[in-house]
Amino acid sequence: MNRRVLFLLIIASLATALVGQSIYAQDRSDHPLIKGVTDAKVTLQQGLTAAAQQGRPISAKFEVEDGKFQLSVYTAKDGKFSEVIVDHATGKVTKTESITEGQDLAEAKSQSAAMAKAKTDLKAAVDKSAATTSGSRAISVTPALKDGHPVASVILLTGQQFQTVEQPLQ
């Protein structure tokens, strides 16, 4: 390889590394999800408790949908699935919609299958995960079966950093 090509490759590699570092180091406090979770008065655990009046919670997450920040909890009751929206300021259920088709239904069925084998509820799994990281807030919890055993994947927000913690549900 001649020196000029080698020199250009080195410059390109350095430029790529520097751009990657500057993107990683950016302040993410204006990210809508981070801002929403930081400003929310209701925790994920409180949302799980509020949604339980509509059925067994099978997953929950803070999300930005159609530009609006919300707390969404999937529930299962009598073989049917619902998405329960909990007001992140008051903790009251504001809307409940049936889940009857598409990707949402597939996810609800998978989550329900994992929770059918669980001996621990999602709130307890979130509480345990949040207790392991000081100053963190849970932003989502999703159960799954791993090697036939139910496990909850909990995403925590600490400052502006996301961390995923897995909790056994047995």
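The values are calculated or read from the model by the stated rules, or taken from the named source; none is laboratory data. Here the structure is a predicted model, which is why all the values come from computation and not from measurement. Here the Cβ is made from the backbone with ideal geometry for all residues, glycine too, and neighbour counts use every protein chain on show.
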Output the number of residues of the range 48-73 satisfying the condition of being under 12 Å from H88 (Cα atoms), in contact with a Phe, Trp or Tyr (Cβ under 8 Å, 6 or more places away or on another chain) and crowded, with 24+ Cβ neighbours inside 10 Å.
2
Could you list all residues from the range 114-133 that are within 26 Å of F162 (Cβ to Cβ), at pLDDT 95 or above, part of a helix (DSSP H, G or I) and aliphatic (A, V, I, L, M)?
A114, M115, L122, A124, A125, V126
I'd like to know if the range 44-62 contains one or more residues that are among the hydroxyl-bearing types (S, T, Y) and out of contact with any Ser or Thr (no Cβ under 8 Å at 6 or more places or on another chain).
yes
So which residues in the range 154-168 are out of contact with any Gly (no Cβ under 9 Å at 6 or more places or on another chain) and in a strand (DSSP E or B), if there are any at all?
V154, I155, L156, L157, Q161, F162, Q163, T164, V165, E166, Q167, P168
Of the residues that make up the range 112-131, is at least one closer than 29 Å to T38 by Cβ, free of Cβ contacts under 8 Å to residues at least 24 places away in the same chain, surrounded by 13 or more Cβ atoms within 10 Å (Cβ to Cβ) and of a type in the set (G, A, S)?
yes
Filter result (in contact with a strand residue (DSSP E or B) (Cβ under 7 Å, 6 or more places away or on another chain), surrounded by fewer than 21 Cβ atoms within 10 Å (Cβ to Cβ) and part of a loop (DSSP other than H, G, I, E, B)) within the range 74-91:
D87
Filtering the range 89-123 down to residues that are of a type in the set (S, T, Y) and more than 19 Å from A52 (Cβ to Cβ) yields T100, S110
With respect to I139, determine if the residue is crowded, with 16+ Cβ neighbours inside 10 Å, without any contact (Cβ under 8 Å) to a residue 24 or more places away in the chain and either polar (S, T, N, Q) or within 17 Å of G36 (Cβ to Cβ) (or both).
no
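To keep it simple, each residue is scored yes or no on (1) at pLDDT below 50; (2) among the small types (G, A, S); (3) in contact with a helix residue (DSSP H, G or I) (Cβ under 8 Å, 6 or more places away or on another chain).
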{"residue": "N2", "(1), (2), (3)": "yes, no, no"}
{"residue": "L9", "(1), (2), (3)": "yes, no, no"}
{"residue": "A17", "(1), (2), (3)": "yes, yes, no"}
{"residue": "Y24", "(1), (2), (3)": "yes, no, no"}
{"residue": "S29", "(1), (2), (3)": "no, yes, yes"}
{"residue": "A40", "(1), (2), (3)": "no, yes, no"}
{"residue": "V73", "(1), (2), (3)": "no, no, yes"}
{"residue": "K95", "(1), (2), (3)": "no, no, no"}
Do we find a residue being within 25 Å of I34 (Cβ to Cβ), surrounded by 20 or more Cβ atoms within 10 Å (Cβ to Cβ) and hydrophobic (A, V, I, L, M, F, W, C) anywhere in the range 142-154?
yes
